[in-house]
1. Could you grab me the full set of residues in segment 49-87 that are more than 21 Å from residue 208 (Cβ to Cβ), in contact with a strand residue (DSSP E or B) (Cβ under 9 Å, 6 or more places away or on another chain) and part of a helix (DSSP H, G or I)?
2. For the structure I just gave you, tell me whether residue 63 is under 25 Å from residue 30 (Cα atoms) and of a type in the set (Phe, Trp, Tyr).
3. State yes or no: is residue 37 in contact with a helix residue (DSSP H, G or I) (Cβ under 8 Å, 6 or more places away or on another chain) and either without any contact (Cβ under 8 Å) to a residue 40 or more places away in the chain or under 21 Å from residue 159 (Cα atoms) (or both)?
4. Taking the conditions exactly as written (part of a loop (DSSP other than H, G, I, E, B), within 21 Å of residue 210 (Cα to Cα) and modelled with pLDDT of 95 or more), does residue 104 satisfy them or not?
5. Mind checking which residues of segment 194-216 are out of contact with any strand residue (DSSP E or B) (no Cβ under 7 Å at 6 or more places or on another chain) and within 21 Å of residue 127 (Cα to Cα)?
6. If I ask for residues that are over 16 Å from residue 152 (Cα atoms) and either touching a Cys at 6+ places or on another chain (Cβ under 6 Å) or acidic (Asp, Glu) (or both), which ones from segment 1-34 would you list?
7. Give segment 1-48 a look and list any residue that's assigned to a strand (DSSP E or B) and within 11 Å of the chain's Cα centre (by Cα), or say none.
8. Can you name the condition, by its number, that residue 143 falls short on among (1) among the hydrophobic types (A, V, I, L, M, F, W, C); (2) farther than 30 Å from residue 81 by Cβ; (3) part of a helix (DSSP H, G or I)?
Amino acid sequence: MKGFFTSHGSPTILMEESKWKEFWRKMGEILDVDSVVVISPHFFTYSRFYVEVQEKLECIHDFYGFPDELYRYEYSTTNDVDLAHRIYKEIQREGLPVVEDTSWGLDHGAWIPLMYMFPKGKPTVPVSISGLSLEDHVRMGRAIARAVQGNVLVMGTGSPTHRLDLFQLSSRKEAFIDPILSVAVSQGVDSVISLSKGKEWRKSMPEGDLKPLLAVMGYSGTQGKELLHDVPWPGVSMVAYSFE
């Protein structure tokens with residue numbers, strides 16, 4: 001597998017019964033990789049990309065107002081520092097603004113799926129999304145592809161439908177953009193970018209504008225295949241794609 005995209009869901013998934021936990025466990029068994037590059041919508045920087053280069057990546061509980069039990073879940077791991085430096089150099093060579101950083105760690109968009117996929121930990125490189133265009137995130141993914149050597153998983157996370165205004169105000173579990181997004185992903189990156197210009201995209205309010213997905217598609221250079229889809233909560237959908 002060249003790339004993997006998965007929604008991470010609400011933090012409440014940690015204490016709920018969910019088929020996604022077993023799915024992540026099985027994917028971790030299938031994806032016997034040496035290192036991971038993770039691109040989460042919750043690691044957002046404005047005018048340039050950040051690549052984390054510190055040795056240890058700490059768990060970040062970047063969610064607020066949830067039950068105390070959720071803050072007892074912890075996942076941290078080491079960085080693949082050599083890979084992180086190569087990614088930084090290749091993004092720079094691509095002509096995109098980028099810095100090496102040591103101030104972040106693993107936010108819940110990264111550590112929730114990773115905790116189930118690789119409970120013993122895998123060296124992981126977090127790379128941010130930014131305020132740059134979707135096309136620039138595709139270019140960022142292509143730069144990561146040049147930096148990767150060996151058995152590495154490049155993974156993006158986020159939800160296609162992320163209508164938090166409906167999360168507590170509605171009982172209807174509607175997947176706005178999801179069916180046509182999966183078709184676009186199966187057709188390739190240009191189809192996803194075209195979809196982003198339509199009203200369905202705006203109505204769905206996709207998490208992080210699905211920039212992690214675009215980065216993974218840029219990295220893989222292939223069309224994607226839907227592995228799992230669900231609408232666990234009103235206004236929030238989950239999906240997983242593989243890129244062979």
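1. 81, 83, 85 - these are the residues of segment 49-87 that are more than 21 Å from residue 208 (Cβ to Cβ), in contact with a strand residue (DSSP E or B) (Cβ under 9 Å, 6 or more places away or on another chain) and part of a helix (DSSP H, G or I).
2. On the way: under 25 Å from residue 30 (Cα atoms): no; of a type in the set (Phe, Trp, Tyr): yes.
No.
3. Details: in contact with a helix residue (DSSP H, G or I) (Cβ under 8 Å, 6 or more places away or on another chain): yes; either without any contact (Cβ under 8 Å) to a residue 40 or more places away in the chain or under 21 Å from residue 159 (Cα atoms) (or both): yes.
The answer is yes for residue 37.
4. Working: part of a loop (DSSP other than H, G, I, E, B): yes; within 21 Å of residue 210 (Cα to Cα): yes; modelled with pLDDT of 95 or more: yes.
Criteria met by residue 104.
5. 209, 210, 214
6. 16, 17, 22, listed by residue number.
7. As a first pass, look at segment 1-48 and keep what is assigned to a strand (DSSP E or B): 3-6, 35-39, 44-45.
Once the filter is applied, which keeps residues that are assigned to a strand (DSSP E or B) and within 11 Å of the chain's Cα centre (by Cα), segment 1-48 yields 3, 4, 5, 6, 37, 38, 39.
8. (2)
The values are calculated or read from the model by the stated rules, or taken from the named source; none is laboratory data. Predicted model, so just to flag it, every value in this text is computed and none were measured. FYI the Cβ positions are ideal-geometry reconstructions off the backbone, even for glycines, and counts take in every protein chain you see.
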